[in-house]
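Asks: The structure that follows is given in the form of C-alpha cells.
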Amino acid sequence: MNATLRMHRVQLPTGLLELEAEPGPFELDSLIGFAARANAKRGFLFLSKALGKHWPVRPGFMQQVHRALAAAIPEQLPAPVLFIAMAETAVGLGQGVFEAWLGAHPERQAMFIHTSRYRVGSAPLIEFEEAHSHAPRQFLHLPEDAAMRALLLGARSLVLVDDEASTGNTFLNLAAACRSLNPGIEQVHLSTITNFMGADASAQLSGRCGVPVTMGAALNGSYRFVPGHLQPAPPAQRFDPHAERGASGRFGRLGCLSALAEPDQLAAHLAQQIGAGARVLVLGTGEFMHPAFALGRALEARALDVMVQATTRSPILTWGAVSHALEFPDNYGEGIANFVYNVAPGQYDHVFICHETPAGAALQQLARTLNGRLFHFKSENDIEEIPVC
C-alpha cells in the first residue's frame, strides 16, 4: 500500500468495508461517515457530512465544498457548458457547484439542470439507470424554454455532479444518453465530493466514455466491500411515470441559467423573530434541497446558529453515522416512505421546512413531529408560510 494512503476498516452490520483514502484539502472525517443500507444491492453508504442530506451541515461549510469542486473544473472547457446534478442526493450540491463556478466565470455561457425521479408536466425527457440505487430510474427533462433547450442541445462540455463515485457507471450512463441527444459534446467533467473508483478506474473513464473525461473530487481513494448479512431489498416501488406529483419545473428540473435568488426578505423576517442563540434547522424535502441551503446561508449571514439538511427516500439502518431516524409519508404522492436522519424531535429550537409540493397530510405530519414551520416555495420570489394544523 502507498505510504501516503490512509487505510480505514469498518465492520458494518451488513458486511466489511475497507477504504483507502488519499491526502487532500479535506479530512475524511469532515466529509463522510459510514452507514449501513437496507439494500441487498449495496449494503453500505458513504454518508456525506458536506451534502446537507442525511447529516446536518453548516451552510458555510457546504459553500466551501461547492467552491472547491467548482475550482477543480478545468478552465478551458469549451462553451457552452451544461451542468447536470444527479437526483435525489446531489441536486443541491450540483446547483451549488454551478453557482460557485458561474460566480467565478460570469462571462461563460452555461446552464444548470438536474435529473429527477418525477415527471414535470408533458416535458420530453430521456431516461437512464442508476444501477446500485434503491430507486434506479432517473429522468432528465428537456427544457421547455427554447433558448435553454438550444443550449442543452448545443453544449460542448458536460459537467456531471454527484455526491460520490464508486464505479462510474451512472456517470457513463448519463453521459451516453446526453451524447446520443447531443453528439457535439467534446468533453466531460465529473465532479463529486468523494471519488472511490480508484486510480486505475478513474484513468479509464475517457476510454469508456468516448470523449476526454476529467475528474474533480474533494476526496479520492478506493474501497472494497465484503457483504455479510444482506438486508432484504425494499419492496418494488409503486411508480406511475405519467402521474403529476406536485414537482415543480421552476427550480432546476427544466433548467436555469443563473443563481437562485437569495430569500433575503424571508431570512430577515425569521432572524428578527427568533433572535440570537437559537438552534435552527432548515430542512429541505426530497429533491427540493437548494432553496433550503439558500435560506440557511441567508440566516447564517445574520449570525444565527444554522444547520441544513433534507428528507430522503433512501432506507438506511440506524447504525454508525445514523443515530436517529424518523419515517413519514411521501409528500410527492408516490406512496413511498420518506425519512429524516439524525434529527430528533426537540433537538432544534426552530425547524423551517422548505417544500415545493402542496402542504398536504405528509408535510403537516412532519411539521407536527418536529414542531416545525412550513414554507411553500411557489417560485424563488413567492414563498408562503403554511399554517400547521
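Asks: Which one of Ala337, Ala361 is without any contact (Cβ under 8 Å) to a residue 60 or more places away in the chain, over 20 Å from His54 (Cβ atoms) and among the hydrophobic types (A, V, I, L, M, F, W, C)? Full working, then the answer.
Replies: Values: Ala337 fails: over 20 Å from His54 (Cβ atoms).
Answer to the check: Ala361.
Asks: Report, by residue number, each residue of the stretch 164-175 that is in a helix (DSSP H, G or I) and open to solvent by less than 60 Å² (accessible area, probe 1.4 Å). Give the derivation first.
Replies: Kept after step one, since they are in a helix (DSSP H, G or I), are these residues of the stretch 164-175: 169-175.
Across the stretch 164-175, the qualifying residues are Thr170, Phe171, Leu172, Leu174, Ala175.
Asks: List pairs: first in the stretch 136-156 and over 26 Å from Glu88 (Cβ atoms), second of a type in the set (Lys, Arg), Cβ under 9 Å, 6+ apart or cross-chain?
Replies: No pair meets every condition.
Asks: Now for a different question. Assuming Phe288 fulfils every condition listed in (1) open to solvent by 10 Å² or more (accessible area, probe 1.4 Å); (2) under 16 Å from the mean Cα position of the chain (by Cα); (3) not β-branched (Val, Ile, Thr) apart from one, which condition is it?
Replies: (1)
Asks: Hey, another quick one. Is it the case that Phe46 is open to solvent by less than 20 Å² (accessible area, probe 1.4 Å), under 18 Å from Leu219 (Cα atoms), within 22 Å of the chain's Cα centre (by Cα) and aromatic (Phe, Trp, Tyr)?
Replies: On the way: open to solvent by less than 20 Å² (accessible area, probe 1.4 Å): yes; under 18 Å from Leu219 (Cα atoms): yes; within 22 Å of the chain's Cα centre (by Cα): yes; aromatic (Phe, Trp, Tyr): yes.
Judged against the criteria, Phe46 is a match.
Asks: Could you please find all residues in the stretch 44-78 being in contact (Cβ under 8 Å) with a residue 60 or more places away in the chain and aromatic (Phe, Trp, Tyr)?
Replies: Phe44, Phe46, Trp55, listed by residue number.
Condition check ((1) crowded, with 21+ Cβ neighbours inside 10 Å; (2) under 16 Å from Gly92 (Cβ atoms); (3) out of contact with any Gly (no Cβ under 9 Å at 6 or more places or on another chain)) across all residues:
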residue: Val306; (1), (2), (3): yes, yes, no
residue: Trp319; (1), (2), (3): no, no, yes
residue: Glu356; (1), (2), (3): yes, yes, no
residue: Asn371; (1), (2), (3): no, no, no
residue: Val388; (1), (2), (3): no, no, no
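Asks: Show me the strands (runs of 3 or more DSSP E) entirely contained within the stretch 5-103 in which 3 or more residues are within 18 Å of Ala259 (Cα to Cα).
Replies: Details: elements: 6-12, 15-21, 32-36, 44-48, 81-85.
The strands (runs of 3 or more DSSP E) meeting that bar are 81-85.
Asks: Can you list the strands (runs of 3 or more DSSP E) lying wholly within the stretch 305-389 that have 2 or more residues being among the aromatic types (Phe, Trp, Tyr)? If you could, list the steps in order and put the result at the bottom.
Replies: Working: elements: 305-310, 325-328, 338-341, 350-355, 373-379, 382-386.
The strands (runs of 3 or more DSSP E) meeting that bar are 338-341, 373-379.
Asks: Give the residue that is modelled with the highest pLDDT, with candidates limited to residues of the stretch 114-149 that are open to solvent by less than 60 Å² (accessible area, probe 1.4 Å) and of a type in the set (A, V, I, L, M).
Replies: Among those that are open to solvent by less than 60 Å² (accessible area, probe 1.4 Å) and of a type in the set (A, V, I, L, M), it is Met148.
Asks: Going by the structure shown, is Gly154 at pLDDT 95 or above, more than 28 Å from Val340 (Cβ to Cβ) and open to solvent by 20 Å² or more (accessible area, probe 1.4 Å)? Outline the logic, then answer.
Replies: Values: at pLDDT 95 or above: yes; more than 28 Å from Val340 (Cβ to Cβ): yes; open to solvent by 20 Å² or more (accessible area, probe 1.4 Å): yes.
Against the criterion (at pLDDT 95 or above, more than 28 Å from Val340 (Cβ to Cβ) and open to solvent by 20 Å² or more (accessible area, probe 1.4 Å)), Gly154 qualifies.
Asks: While we're here: Considering only residues that are more than 18 Å from Val322 (Cβ to Cβ) and free of Cβ contacts under 8 Å to residues at least 12 places away in the same chain, look in the stretch 3-43 and name the one that is most open to solvent (accessible area, probe 1.4 Å).
Replies: My answer is Arg9.
Asks: So which residues in the stretch 58-73 are out of contact with any helix residue (DSSP H, G or I) (no Cβ under 9 Å at 6 or more places or on another chain) and open to solvent by less than 40 Å² (accessible area, probe 1.4 Å), if there are any at all?
Replies: Kept after step one, since they are out of contact with any helix residue (DSSP H, G or I) (no Cβ under 9 Å at 6 or more places or on another chain), are these residues of the stretch 58-73: 64, 72.
Within the stretch 58-73, no residue meets the criteria.
Asks: Could I ask something else about it? Looking at (1) open to solvent by 10 Å² or more (accessible area, probe 1.4 Å); (2) in contact (Cβ under 8 Å) with a residue 60 or more places away in the chain; (3) aliphatic (A, V, I, L, M), which is the one condition that is false for Val282?
Replies: Going through the list (1) open to solvent by 10 Å² or more (accessible area, probe 1.4 Å); (2) in contact (Cβ under 8 Å) with a residue 60 or more places away in the chain; (3) aliphatic (A, V, I, L, M), Val282 breaks only (1).
Asks: Tell me whether the stretch 177-197 contains one or more residues that are open to solvent by less than 30 Å² (accessible area, probe 1.4 Å), at pLDDT below 90 and out of contact with any helix residue (DSSP H, G or I) (no Cβ under 7 Å at 6 or more places or on another chain). Spell out how you get there, then give the answer.
Replies: Taking the stretch 177-197 first, the residues open to solvent by less than 30 Å² (accessible area, probe 1.4 Å) are 177-178, 182, 185, 188-197.
Pick out the ones that are also at pLDDT below 90 and you get 177.
Subsequent filtering for residues that are out of contact with any helix residue (DSSP H, G or I) (no Cβ under 7 Å at 6 or more places or on another chain) retains 177.
Checked against the condition, which is being open to solvent by less than 30 Å² (accessible area, probe 1.4 Å), at pLDDT below 90 and out of contact with any helix residue (DSSP H, G or I) (no Cβ under 7 Å at 6 or more places or on another chain), the stretch 177-197 yields at least one hit.
Asks: Pick out the one residue from Gly43, Gly52, Gly33 that is of a type outside the set (A, V, I, L, M, F, W, C) and under 30 Å from Met111 (Cβ atoms). Explain how you work it out, then say what you get.
Replies: Values: Gly43 fails: under 30 Å from Met111 (Cβ atoms); Gly33 fails: under 30 Å from Met111 (Cβ atoms).
Every option except Gly52 fails the conditions.
Asks: How many residues does the stretch 230-263 contain that are loosely packed, with under 14 Cβ neighbours inside 10 Å, modelled with pLDDT of 80 or more and not hydrophobic (A, V, I, L, M, F, W, C)?
Replies: Qualifying residue count, the stretch 230-263: 1.
The values are calculated or read from the model by the stated rules, or taken from the named source; none is laboratory data. The model shown is predicted, which means the values in this text are computed figures rather than measured ones. Every residue, glycine as well, gets a Cβ built from its backbone with ideal geometry; the counts of neighbours run over all protein chains shown. Accessible surface areas use protein heavy atoms only, side chains included; no ligands, DNA or RNA. Shrake-Rupley method; radii C 1.70, N 1.55, O 1.52, S 1.80 Å.
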